[in-house]
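Participant: Below are the structure tokens for one structure; questions will follow.
The values are calculated or read from the model by the stated rules, or taken from the named source; none is laboratory data. Since the structure is predicted, the reported quantities are computational estimates derived from the model, not experimental observations. Every residue, glycine among them, receives a Cβ derived from its backbone with ideal geometry; neighbour counts consider all protein chains shown. Ligands, DNA and RNA are excluded from the accessible area calculation, which covers all protein heavy atoms including side chains. Shrake-Rupley method; radii C 1.70, N 1.55, O 1.52, S 1.80 Å.
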Amino acid sequence: MWGGRFAEGPAAVMREINASIPFDKRLWQQDLAGSRAHVRMLAKQGIVTGPDSSAILAGLDRIEGEYIANGVNEDLALEDIHMATEHRLAELIGPAAGRLHTARSRNDQVATDFRLWVRDAIDAVDAGLASLQKALVARAGDHADAVMPGFTHLQVAQPVTLGHHLMAYYEMIRRDRSRFQDARARLNECPLGSAALAGTGFPIDRHATAAELGFARPTDNSLDSVSDRDFALDYLMAATQCSLHLSRLAEEFVIWASQPYGFVSLPDAYSTGSSIMPQKRNPDAAELVRGHSGRIAGAMISLTMTMKGLPLAYSKDMQDDKPPVFEAHDLLALSIAAMTGMVETTSFVTAKMRAAAEAGFSTATDLADWLVRVAGIPFREAHHITGTVVRLAERHNSALVDLPLEKLREIDERIDGRVFEALSIDASVASRSSHGGTAPQQVRARIADARKALGMDG
């Protein structure tokens, strides 16, 4: 491959450290697509002959069939998927195979292949996230008015609805999808034809290859084209943030499935048992999703550090760009599938959720708001009065709504019987009717918006 420059072959360790075929073989489909577009353009521009172009295309078709049937042979001597394909093409069609590499370099070839792969990965992730959103929206619709405690600091704060809680994750995933789409739009420029770093003197048509490969345009600077890995970092950063959201949802399921909570009953399909304790039902799928987020974030940091301080244009460090992206993508796809399945099949124990909301003085804020709204008391004073009422309820082991009116009036005589209309958890939830609030009517409105956006109503 190195022509006449080297008199001796590489050392065994050099061959091993230099080869990327064990992992970049995943790019074979993109490599064949880029090669086909390139040779068609070369023929159209008169740079290679029609017969040679036809022979190359026929050979690439045959190689595709071999890869589909048998996979890619990991020959370390051929280094990477690009040389493996070119070598096999030469075996099939002879010297004409050497014309395929006219006016391109492995630098622009791998940059193109990798962009194509990441673009496909984004499309696959987006489809998976859309399915997760649909599952969240469907279950939120089932429980738009099911009351549960809302937490801050894992302390009962105010009552919300389960539908509202699930729709919060719909919003997180909506932002994740937008980040992936932003990354896709930025990467959708074609480096092919930038050659090693300076472009080429052949009369190529880069707009033609960009169009055939589905890119919006060719890249505008050949140096940047071969050295840019922003698109891979964009993917990893979006994947990291998405994995954090999945991890938060997974953590909720872990907590809710524990016996002190008992808010959910996890399906057998997403649980495991214990080798020694027969009563156990462990939320292992959720825990693994939680764990995967750390590995995905690690992949992002890995490539960030690889790219830090690299001079223009291509450096061999950049060969290490693909493993973290491949690993992160595989883990993210598994995490999305696992959380989608759990959301779809988990049973929500709404009676326990409601009981927890009733037990934690979750309507204390409603009492303070009532004192402001009805009794005309400044909020800070109302806050103090409410704290005193909560302390009284704690002392008597009573819910706020069950305190006698005379006890409340002993604390502040401006309290009257109308206060009890505000102290039930149902009244509290119904009162939060501002846009985006937890009132069932607001939750149903947001669900309707989401169903429309996701095309769930036909």
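Participant: Looking at S227, A216, L136, which one has the Cα that reaches farthest to the positive end of the dipole of region 120-238 (charges on Cβ: Lys, Arg +1; Asp, Glu -1)?
Facilitator: Value: L136.
Participant: Are there GluC sites (Glu not before Pro) in region 249-290 that DSSP puts in a loop and that have at most 13 other Cβ atoms within 10 Å, and which ones?
Facilitator: When the GluC sites (Glu not before Pro) of region 249-290 are filtered for loop state and at most 13 Cβ neighbours within 10 Å, nothing remains.
Participant: Would you compute the Debye intensity of the chain from its alpha-carbon atoms alone, equal scatterers and no solvent, and pass along log10 I(q)/I(0) at q = 0.09, 0.11, 0.13 Å⁻¹ to two decimals?
Facilitator: -0.74, -0.93, -1.13
Participant: Where a ≥ b ≥ c are the square roots of the eigenvalues of the C-alpha gyration tensor, would you call region 232-344 rounded, which needs a/c under 1.5, or, failing that, prolate if a/b is larger than b/c, or oblate?
Facilitator: Since a/c reaches 1.5 and a/b is larger than b/c, the shape of region 232-344 is classed as prolate.
Participant: What whole-number value in Å² describes the accessible area per residue of region 12-102 for a 1.4 Å probe?
Facilitator: 47 Å²
Participant: What relative contact order, as a whole-number percentage, does region 12-102 give when Cα pairs under 8 Å and 6 or more residues apart are counted?
Facilitator: Working: 77 pairs, mean separation 38.9, N = 91.
So the answer I get is 43 percent.
Participant: Let me ask you something else. What Kirkwood hydrodynamic radius, in Å, does region 12-102 give when the mean of 1/r is taken over all pairs of distinct Cα atoms and then inverted?
Facilitator: 13.5 Å
Participant: Taking region 140-223 as the region of interest, what is the percent of Cα-Cα pairs per 5 angstrom bin, listed from the shortest bin to the one with the maximum distance?
Facilitator: Calculated over all Cα pairs of region 140-223, the distribution is 3, 13, 13, 12, 9, 7, 6, 6, 5, 7, 8, 6, 3, 1 percent.
Participant: Accessible surface of L233 in the full protein assembly, 1.4 angstrom probe, to the nearest 10 Å²?
Facilitator: Probe radius 1.4 Å; accessible area of L233 about 30 Å².
Participant: Which longest uninterrupted range of the chain lacks any trypsin sites (Lys or Arg not before Pro) assigned by DSSP to a loop state (not H, G, I, E or B) and surrounded by at most 11 other Cβ atoms within 10 Å?
Facilitator: Between the exposed loop sites, the longest stretch runs 6-279.
Participant: Starting from the 7 Å offset along Cα-to-Cβ, what nm value, one decimal, do you get for the label separation of H435 and S398?
Facilitator: Here the answer is 4.2 nm between the modelled labels.
Participant: Would you please give the residues with an amide H less than 5 Å from that of C190, counting only those at least 5 places away or on a separate chain, with H modeled from the backbone geometry?
Facilitator: Residues meeting the criterion, in which the H sits 1.01 Å from N, are R217, T219.
Participant: Same structure again: When the dipole is taken about the Cα centre of the chain, and only Lys, Arg (+1) and Asp, Glu (-1) are charged at their Cβ, what size is it in debye, to the nearest 20?
Facilitator: 500 debye
Participant: Among G50, W28, A12, which residue has its Cα furthest toward the positive end of the charge dipole of region 12-102, with +1 on Lys/Arg Cβ and -1 on Asp/Glu Cβ?
Facilitator: G50
Participant: Going by alpha carbons, how many degrees (0 to 90, nearest 10) lie between the helix axis of 106-142 and the longest principal axis of the chain?
Facilitator: Tilt relative to the chain: about 20 degrees.
Participant: Here is a follow-up. Farthest toward the dipole's positive end in the chain, which of L310, I411, T345, given Cβ charges of +1 (Lys, Arg) and -1 (Asp, Glu) about the Cα centre?
Facilitator: It is I411, whose Cα lies furthest towards the positive end.
Participant: Please list the three semi-axes, largest first and in whole Å, of the ellipsoid equivalent to region 358-454, using sqrt of 5 times the eigenvalues of its alpha carbon gyration tensor.
Facilitator: Ellipsoid half-lengths, sorted descending, are 31, 14, 10 Å.
Participant: Right, something else. Per DSSP H run of n ≥ 4, the term is -39500 (n - 2.57); total these for the chain, divide by its residue number, and report the mean residue ellipticity at 222 nm rounded to 500 deg cm²/dmol.
Facilitator: -20500 deg cm²/dmol
Participant: Another question, if that's okay. Over the chain, what percent of the accessible surface lies on carbon and sulfur atoms, probe 1.4 Å?
Facilitator: Roughly 52 percent, rounded to a whole number.
Participant: I would also like to ask the following. Given the C-alpha atoms of region 128-285, compute the convex hull and give its volume per residue in Å³.
Facilitator: For region 128-285, the hull spanned by Cα atoms encloses 180 Å³ per residue.
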